[in-house]
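What follows is a short report on a single structure.
Since every read-out is calculated from the coordinates, none of them should be taken as a lab result. Keep in mind that what you see is a predicted model, and the values were worked out from it rather than measured. Every residue, glycine among them, receives a Cβ derived from its backbone with ideal geometry; neighbour counts consider all protein chains shown.
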Amino acid sequence: MDIPTKMKGLALLEDGYANAPATQELTNLAPYVELREMDVPQPGPGLALIKVARAAVNPSDIAFIKGVYGQSRVKDQAAGFEGTGTVVAGDTPLLGQRVSFFAAGSGSWAEYCLAPIPMLIPLRPDLRDEDAAGLIVNPLTAMAMFDIAREDGADSFVVTAAGSQLGKFLIGLGKDHGIGALAVIRREAQAEALRALGAADVLVTEGEGLEERLTELFEVHAPRILLDAVGDQISADLFFAMPERARWIIYGRLSPTPPTLAQLPQFIFKQKQIEGFWLASWLRNTPPEKIGAVIAEAQARFAEGKWHTDITASVRLDNALAELPAAYSQKDSKVLIEP
Ligand SMILES: NC(=O)c1ccc[n+]([C@@H]2O[C@H](COP(=O)([O-])OP(=O)(O)OC[C@H]3O[C@@H](n4cnc5c(N)ncnc54)[C@H](OP(=O)(O)O)[C@@H]3O)[C@@H](O)[C@H]2O)c1
């Protein structure tokens, strides 16, 4: 395949971190990235060059371009963490193969992208591009965190921001393995769809009497695992209302306003714990054969229709500055970028 020397990409405008609130809204891309002609990156040792077919747009991408993610920006590099495409260069037997990838050194919001060879995922032919574009960040996190609940012997678990794509994956896993997902959402409009996906119960945080409703819910289910992407006062209230030995596993920061921890004695007398989960650490610390098994199961779940990525729109790279913010603000589904 002829590889050009120049490509289009959405280049980061800033280096490092920003001292800004970690808000999720995206009203304008222009302060963060610029559509540019860039050099096609050259794959060094351990890296492959991918011709991008579709790239994901996740909350972590938005936090990253704003400088409020746990990873430093590199000015002039293309943004975008993950996607799907074809391997076109690099020292790998996967040349010419369709893969999912996690970008390194040059991002996926571009026509070409670099990715570490060990993390290339050769795809089953029956996997849709829409699922393949986001095969790593959310599906592997859902599988890894669900394992935490399973290994803990839980009968149920609480998941906040349950209408997120990751929340929906967790609900599906809970249904299939008989460990009930208690779905916490802020909008009643999502409740029916999450029940249909298999949530064991739904708690809507808007509206009157939240404290009574959550006490009632926890009396029925007594969950000890809280998988939390929000990190606000409601998350803390849920945790402190949970029974002894409850674990609050924080994996996202969707709320810019941190909670107050008013019931510290619970850490002593009820043996409660607060933990964090980050997929990057899980990938570093998990044996490769286990990661391989999790990836195979994730692909099978999509191919067999047990999981489905809900997509609002696929925005062309050329139009991303104009169209991405409005598409990203649509509720309950994902946006992709297509070169
Ligand atoms: N730690 C890790 O390794 C890891 C890996 C993957 C994902 N994550 C995190 O997982 C979370 C979900 O990701 P996703 O891609 O599945 O998200 P998504 O599909 O884009 O959905 C985002 C969801 O968050 C909800 N939300 C936003 N702000 C909120 C707030 N302040 N309070 C309550 N709900 C709020 C939204 O609810 P509305 O519809 O009501 O706006 C929406 O349902 C993100 O925080 C992401 O960073 C972490």
- Task: Excluding Q42 itself, calculate the net charge of residues whose Cβ lies under 14 Å from the Cβ of Q42, where each Lys or Arg counts +1 and each Asp or Glu counts -1.
- Result: -1
- Find the Cα radius of gyration of the stretch 222-339, compare it with 2.2 N^0.38 Å by division, and give the number to two decimals. 1.41
- Item | Lys, Arg +1 and Asp, Glu -1 on Cβ, resulting dipole of the stretch 147-207 about Cα centre, debye, nearest 20 | 220 debye
- Task: Based solely on C-alpha atoms, express the radius of gyration and the Dmax of the stretch 1-144 in angstrom.
- Result: 14.8, 44
- Mean separation of Cα contacts under 8 Å (at least 6 apart) over the residue count of the stretch 192-339, i.e. the relative contact order in percent, is 14 percent
- Message: Run the simple label-point estimate for N28 and T286 please: 7 Å along Cα→C-beta, distance reported in nm.
- Response: 4.0 nm
- Note on the structure: Among beta bridges assigned by DSSP with both residues in the chain, the antiparallel ones amount in percent, to the nearest 5, to 55 percent
- Item | Estimated FRET transfer efficiency (R36, R187; beta-carbon r; R0 56 Å; 0.05) | 0.90
- Message: Give me, ordered by chain and number, the residues 5 or more places off T309 or on other chains with an amide H under 5 Å from its own placed amide H.
- Response: none
- Item | Mean-position separation - Cα centroids, the stretch 157-229 and the stretch 261-339, in angstrom | 17 Å
- Apply the Debye scattering formula to the stretch 42-105, with a single equal point scatterer on each alpha-carbon and no solvent, then give log10 I(q)/I(0) at q = 0.12, 0.27, 0.28 Å⁻¹. -0.33, -1.15, -1.19
- Item | 5 Å-binned pair-distance histogram of the stretch 138-280 (Cα, whole percent) | 2, 10, 22, 26, 23, 13, 4, 1
- Based on the Kirkwood radius over alpha-carbon pairs, what value in µm²/s does the Stokes-Einstein equation return for the translational diffusion coefficient of the stretch 1-73 at 20 °C and 1.002 mPa s? 151 µm²/s
- Cα-based Rg of the chain normalised by 2.2 N^0.38 Å, two decimals: 1.01
- Query: Got the relative contact order for the chain handy, in percent, Cα pairs under 8 Å and 6 or more residues apart?
  - Reply: 17 percent
- GluC sites (Glu not before Pro) within the stretch 116-217: which are DSSP loop residues with at most 13 other Cβ atoms inside 10 Å? E206, E208
- Step through the table entries K66/K290; K75/K290; K306/K331; K66/K270; K8/K334, compare each Cα-Cα distance with 31 Å, and write down the pairs that go over it. K66/K290; K75/K290; K66/K270
- For the stretch 209-224, in order, what is each residue's ³J(HN,Hα) by Karplus, 6.51 cos²θ - 1.76 cosθ + 1.60 with θ = phi - 60°, in whole Hz (x at glycine and Pro)? x, 4, 4, 5, 5, 6, 4, 4, 4, 6, 5, 6, 9, 6, x, 10
- Task: Write out the trypsin sites (Lys or Arg not before Pro) in the stretch 68-106 meeting two conditions: DSSP loop, and at most 13 other Cβ atoms within 10 Å of their Cβ.
- Result: K75
- Using the Cβ atoms and a cut-off under 10 Å, what net charge is assigned to the surroundings of K270, where Lys and Arg are +1 and Asp and Glu are -1? +1
- Taking r as the C-beta separation of D76 and R150 and R0 as 41 Å, the FRET efficiency to the nearest 0.05 is 0.40
- Message: Charges at C-beta only: +1 for Lys and Arg, -1 for Asp and Glu. How large is the resulting dipole of the stretch 1-86 about its Cα centre, in Debye rounded to 20?
- Response: 120 debye
